[in-house]
1. Which pairs turn up if I take residues in the range 381-399 that are in contact (Cβ under 8 Å) with a residue 40 or more places away in the chain and look for partners that are among the charged types (D, E, K, R) with beta carbon separation below 7 Å, at least 6 apart in sequence or on another chain?
2. Could you please give the count of residues in the range 302-324 that are out of contact with any strand residue (DSSP E or B) (no Cβ under 6 Å at 6 or more places or on another chain) and part of a helix (DSSP H, G or I)?
3. Among the residues of the range 462-489, count how many are open to solvent by less than 10 Å² (accessible area, probe 1.4 Å) and not in a helix (DSSP H, G or I).
4. Against the condition within 29 Å of LYS270 (Cα to Cα) and either part of a loop (DSSP other than H, G, I, E, B) or more than 23 Å from the chain's Cα centre (by Cα) (or both), how does PRO84 come out, does it pass?
5. If you scan the range 185-202, which residues turn out to be touching a Cys at 6+ places or on another chain (Cβ under 7 Å) and either open to solvent by 50 Å² or more (accessible area, probe 1.4 Å) or among the hydrophobic types (A, V, I, L, M, F, W, C) (or both)?
6. Cβ-Cβ under 9 Å, sequence separation 6+ or interchain: first residue in the range 421-440 and farther than 11 Å from ILE249 by Cβ, partner open to solvent by 20 Å² or more (accessible area, probe 1.4 Å) and assigned to a strand (DSSP E or B). Which pairs?
7. Would you check if GLY438 is surrounded by 19 or more Cβ atoms within 10 Å (Cβ to Cβ), outside any helix (DSSP H, G or I) and in contact with a Ser or Thr (Cβ under 9 Å, 6 or more places away or on another chain)?
8. Taking the range 129-175 as the region of interest, how many residues are farther than 24 Å from GLY105 by Cα and either open to solvent by less than 20 Å² (accessible area, probe 1.4 Å) or not in a helix (DSSP H, G or I) (or both)?
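The values are calculated or read from the model by the stated rules, or taken from the named source; none is laboratory data. Everything numeric here is computed off the predicted structure, so don't read it as measured data. Methodologically, a virtual Cβ is constructed for each residue, glycine included, from the backbone with ideal geometry; neighbour enumeration extends over all protein chains shown. Only protein heavy atoms, including side chains, enter the accessible area calculation; ligands, DNA and RNA are left aside. Shrake-Rupley method; radii C 1.70, N 1.55, O 1.52, S 1.80 Å.
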Amino acid sequence: MVLSRRGSGSFTLPTGQTLAIHTRTHDEEDLPHATKKCVFVATRHCKPQTFTLTPQRMRIIVESFKETLELGLQKPEQIVPMIPTFVFGWPTGQEKGDYLAVDLGGTNLRVCLVTLQGEGKFEISQSKYRLTEEQKQEDGQKLFDFCAQCLKTFVDTSLADGSLTLKPGETLPLGFTFSYPCHQLKIDHGILIRWTKGFAALNTEGHDVAEMFRKSLVTYQLPVTLTALINDTTGTLIASHYVNPNAKIAVIFGTGCNAAYMEKVSEITKINDVGIPGDASMCINCEWGAFDSFEHEHLPRTKYDIIVDESSNKPGEQAFEKLISGRYLGEILRLVICELVDEGVLFLGQNTYKLENPYVFDTAFLSLMESDPTDELLMIIGIFSHFFAVETTLAERQFFRALAKLIGRRAARLSACGIAAIVGRMGYLDNGEGCEVGADGSLYNKYPGFADRVHEGLVDIFGEKGRKIVTHHAEDGSGVGSAIIAAMTKTRKEQRLYDHV
């Protein structure tokens with residue numbers, strides 16, 4: 001029998017069955033848990049500075065970030081692609097009518113009927129459909145067929161209950177929110193560059209996903225016209241501005257991470273030959289989760305971050321995202337815990353095999369650990385006893401909460417670096433002006449203190465004038481934003497304004 005590093009192993013019985021065993025030994029076998037001394041050793045082992053970003057380091061990252069953004073505007077096929085979205089200018093706030101939106105997110109498929117009422121007002125009805133892991137990995141056309149099938153169910157139900165009416169031969173404009181990096185040469189077209197968020201559907205990368213979805217729409221005979229293919233961050237920017245005209249940037253901090261902002265076409269030199277006047281404005285989908293990928297020159301990666309990267313389905317890619325997105329924070333903490341279990345510091349004498357599985361430690365656990373209001377940290381007791389069948393000492397629980405704070409704070413401060421790069425590039429703080437940022441995603445909305453830590457980071461980068469950058473909860477970009485962009489595009493095409501894109 002060969003034991004693993006954590007005292008786990010297996011052997012084959014004469015019947016052919018494999019029996020797994022899990023043991024925990026320690027020189028002092030009468031100790032059921034880590035002592036305060038052991039946890040002190042753990043704290044020294046995993047030094048706070050391992051996950052700490054100084055203001056000086058943040059400013060260096062911001063300058064590198066700005067250079068990367070500039071390069072993405074100048075040249076195609078860059079690591080941070082700075083994708084032109086062909087969404088021109090801001091909404092007027094007076095857009096009206098019924099529009100459909102389909103949002104292919106990281107966890108759910110969402111179908112929306114949005115009624116724009118003008119003056120920044122709207123009504124929305126929606127349905128969600130769960131995506132299975134198999135659907136994320138199988139053939140891409142099957143995935144889009146599923147999207148069309150769900151849309152048909154929603155449209156048929158809306159027609160039946162009277163919430164939607166259509167004249168004979170009428171079609172509804174559809175905004176398709178596809179939140180994965182695409183190369184676009186027109187607003188209703190998009191070649192998938194790469195999957196993110198755990199997707200790896202076959203026969204899709206390098207293909208026009210809008211055309212694939214249109215094929216599925218025809219198959220299910222849907223009375224819709226795919227008017228715009230957008231990213232959820234682009235939609236978040238437009239929806240936030242529709243409601244609050246002071247919003248200049250949109251950011252997503254959730255399963256993935258991204259940003260969008262409005263740029264002058266004259267600055268997007270890689271599309272000089274497209275035939276759009278330089279004084280026009282176009283929304284840029286940054287896809288900044290890829291910042292510092294492959295070379296890893298700028299971001300402060302720990303050994304735990306390197307393990308997360310190398311064991312992911314896209315090694316080397318999405319370097320920025322892997323440090324700050326909700327998909328990875330829990331895994332980073334789990335790796336630290338497992339290393340300390342290896343070294344005989346934590347959970348002495350207990351079976352810890354349930355902690356062995358990658359990604360079993362959800363980022364939501366970090367949120368609960370940080371927000372635990374009790375002196376005995378009862379929420380943390382519940383997490384470890386219920387999900388992992390291990391008992392914890394108070395000293396261990398205090399260490400876990402401190403570690404969660406370090407990981408969560410680093411994510412927020414790195415997020416601030418991304419915002420600061422766009423603010424600095426666009427000069428939004430020049431002449432005493434400020435900037436409002438529409439922010440969305442589970443980290444921003446649910447992780448305790450995340451927004452405050454972002455603001456703290458912005459002040460560390462810019463000094464006191466950083467307080468003029470204000471983030472607020474964004475409007476629904478993937479639903480409402482998608483519908484508004486479909487409305488803007490319909491109007492633009494009717495006016496024959498840049499109608500070749």
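1. Filtered contacts from the range 381-399: ALA395/LYS36.
2. Final tally of qualifying residues: 10.
3. Total satisfying the criteria: 2.
4. no
5. Within the range 185-202, ILE191, LEU192, ILE193 meet the criteria.
6. If the second residue must be open to solvent by 20 Å² or more (accessible area, probe 1.4 Å) and assigned to a strand (DSSP E or B), the pairs left are GLY434/VAL470; ASP440/ILE252; ASP440/HIS473.
7. Answer is yes for this residue.
8. 10
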